[in-house]
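Before any comments, here is the structure.
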Amino acid sequence: MARQKGIIKLKGTIGDITFYKTKDGHLAREKGGIDASRIASDPAFQRTRENGSEFGRAGKAGKILRTAFRALLLNSADSRMVSRLTQQMVKVIQADTTSVRGLRNIIDGEAELLAGFEFNIGGKLGTTLFAPFVATINRVTGDIIVDLASFVPSNMIAAPSGTTHYKVISAGAEIDFEAETFVATNSETAILPWDINPSVAINHSNPVTPASTKPLFLALGVEFYQEVNGQMYALKNGSYNPLSIVKVDSGV
């Protein structure tokens, strides 16, 4: 991979060189590689096929998780979140000590490895929300709960410059990675003032299917706003909003 220089930036293919644009700038690379049919059948590429199968499984798992939390992610995700989540899903799959290589999966892996995943690397929950919270997953009743006692917003929430208000958001999700289906419930507070006055206690209950045997997830986040002439505006279009998976129950 080479970086293009000069005033004129190229796109497309000239001879064996492909020119393209990414977030890292205008790049160029030489065409080439091994024929796909050989990779699919040659015994020498058995490991490659196994890795590809598991990577594809990780990609699908990441997609269904993102879809379950889509309502929250609309304002709380960075541009590289998809690739970062896929990488973490690969680690979950690789933790499967039951299945043979190439057939390892999320269910037999360690879904708890997703706990602490930050959907917005530019605004992490751990460096934004300092108010203590209690995260609870009750598999029997299907209740996925987060509780925050009263706190002083300006002391316990590290807000970006220009913030006047905030909102606490959460979601509970029950995900069937094999069937690629989910049940999800979202909660949010009203838009609250970011000041020195203590907040009310916050209790979010995000119910899913009682007695489910599927992996259960709890995500928690904060959204920031600026009030201008009585109107609320999302600060920097959500680029500072943290959202994190704070608790996981794999069900295994």
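Could you please give the count of residues in the range 205-244 that are buried (at least 16 other Cβ atoms within 10 Å of the Cβ) and either of a type in the set (A, V, I, L, M) or farther than 25 Å from residue 131 by Cβ (or both)?
Residues meeting the conditions: 11.
If you take the residues in the range 121-167 that are among the hydroxyl-bearing types (Ser, Thr, Tyr) and out of contact with any helix residue (DSSP H, G or I) (no Cβ under 7 Å at 6 or more places or on another chain), which one is farthest from residue 190 (Cα to Cα)? Before you say what the answer is, go through the steps one by one.
Of the residues in the range 121-167, the ones among the hydroxyl-bearing types (Ser, Thr, Tyr) are 127-128, 136, 141, 150, 154, 161, 163-164, 166.
If we keep only those that are out of contact with any helix residue (DSSP H, G or I) (no Cβ under 7 Å at 6 or more places or on another chain) too, we end up with 127-128, 136, 141, 150, 154, 161, 164.
Values: 127: 22, 128: 19, 136: 22, 141: 26, 150: 15, 154: 17, 161: 21, 164: 14 Å.
Here the answer is 141.
Quick check on my filter: what residues within the range 94-117 are farther than 19 Å from residue 135 by Cα and not in a loop (DSSP other than H, G, I, E, B)?
If the condition is that a residue be farther than 19 Å from residue 135 by Cα and not in a loop (DSSP other than H, G, I, E, B), then 94 is the only one that fits.
In the range 141-155, which residues are under 26 Å from the mean Cα position of the chain (by Cα) and among the β-branched types (Val, Ile, Thr)?
Within the range 141-155, 141, 144, 145, 146 meet the criteria.
Please list, ordered by first then second residue, the pairs with beta carbon atoms under 8 Å, 6 or more apart or interchain, first in the range 129-149 and part of a strand (DSSP E or B), second open to solvent by less than 10 Å² (accessible area, probe 1.4 Å) and of a type in the set (Phe, Trp, Tyr).
As it stands, the answer is 144/217, since those pairs meet every condition given.
Being in a strand (DSSP E or B) and among the charged types (D, E, K, R) is the filter; apply it to the range 216-252 and report the residue that is nearest to the chain's Cα centre (by Cα). Spell out how you get there, then give the answer.
Keep residues of the range 216-252 that are in a strand (DSSP E or B), which gives 216-228, 231-234, 243-249.
Next, only the ones that are among the charged types (D, E, K, R) stay: 223, 227, 247, 249.
Details: 223: 16, 227: 28, 247: 13, 249: 17 Å.
Among them, the one singled out is 247.
Residues are listed down the side, and each one gets a yes or a no for (1) surrounded by fewer than 16 Cβ atoms within 10 Å (Cβ to Cβ); (2) more than 18 Å from the chain's Cα centre (by Cα):
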| site | (1), (2) |
| --- | --- |
| 160 | yes, yes |
| 165 | no, yes |
| 174 | no, no |
| 185 | no, no |
| 192 | no, yes |
| 203 | yes, yes |
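Does the range 94-104 contain any residue that is open to solvent by less than 10 Å² (accessible area, probe 1.4 Å) and either farther than 15 Å from residue 57 by Cβ or within 13 Å of the chain's Cα centre (by Cα) (or both)?
no
Has the range 179-194 got any residue that is polar (S, T, N, Q), at pLDDT below 95 and in a loop (DSSP other than H, G, I, E, B)?
No; the residues of the range 179-194 include none that is polar (S, T, N, Q), at pLDDT below 95 and in a loop (DSSP other than H, G, I, E, B).
Could you please tell me which pairs satisfy a Cβ distance under 9 Å, a separation of 6+ or placement on different chains, a first residue in the range 54-68 that is more than 12 Å from residue 83 (Cα to Cα), and a second residue that is part of a helix (DSSP H, G or I) and open to solvent by 60 Å² or more (accessible area, probe 1.4 Å)?
Listed pairs, sorted by first residue: 54/94.
Provide a single number: the residues in the range 101-122 that are of a type in the set (Asp, Glu) and either under 12 Å from residue 243 (Cβ atoms) or touching a His at 6+ places or on another chain (Cβ under 6 Å) (or both).
Within the range 101-122, the subset of a type in the set (Asp, Glu) is 108, 110, 112, 118.
In the following step, the residues that additionally are either under 12 Å from residue 243 (Cβ atoms) or touching a His at 6+ places or on another chain (Cβ under 6 Å) (or both) were identified as 118.
Within the range 101-122, residues that are of a type in the set (Asp, Glu) and either under 12 Å from residue 243 (Cβ atoms) or touching a His at 6+ places or on another chain (Cβ under 6 Å) (or both) number 1.
Can you tell me how many residues in the range 123-137 are out of contact with any strand residue (DSSP E or B) (no Cβ under 6 Å at 6 or more places or on another chain), over 12 Å from residue 244 (Cα atoms) and open to solvent by less than 60 Å² (accessible area, probe 1.4 Å)?
0
The values are calculated or read from the model by the stated rules, or taken from the named source; none is laboratory data. Please read these numbers as outputs of a predicted model, since none were measured by experiment. For neighbour counting, all protein chains shown are included, and Cβ atoms are generated from backbone atoms with ideal geometry for every residue, glycine included. Ligands, DNA and RNA are excluded from the accessible area calculation, which covers all protein heavy atoms including side chains. Shrake-Rupley method; radii C 1.70, N 1.55, O 1.52, S 1.80 Å.
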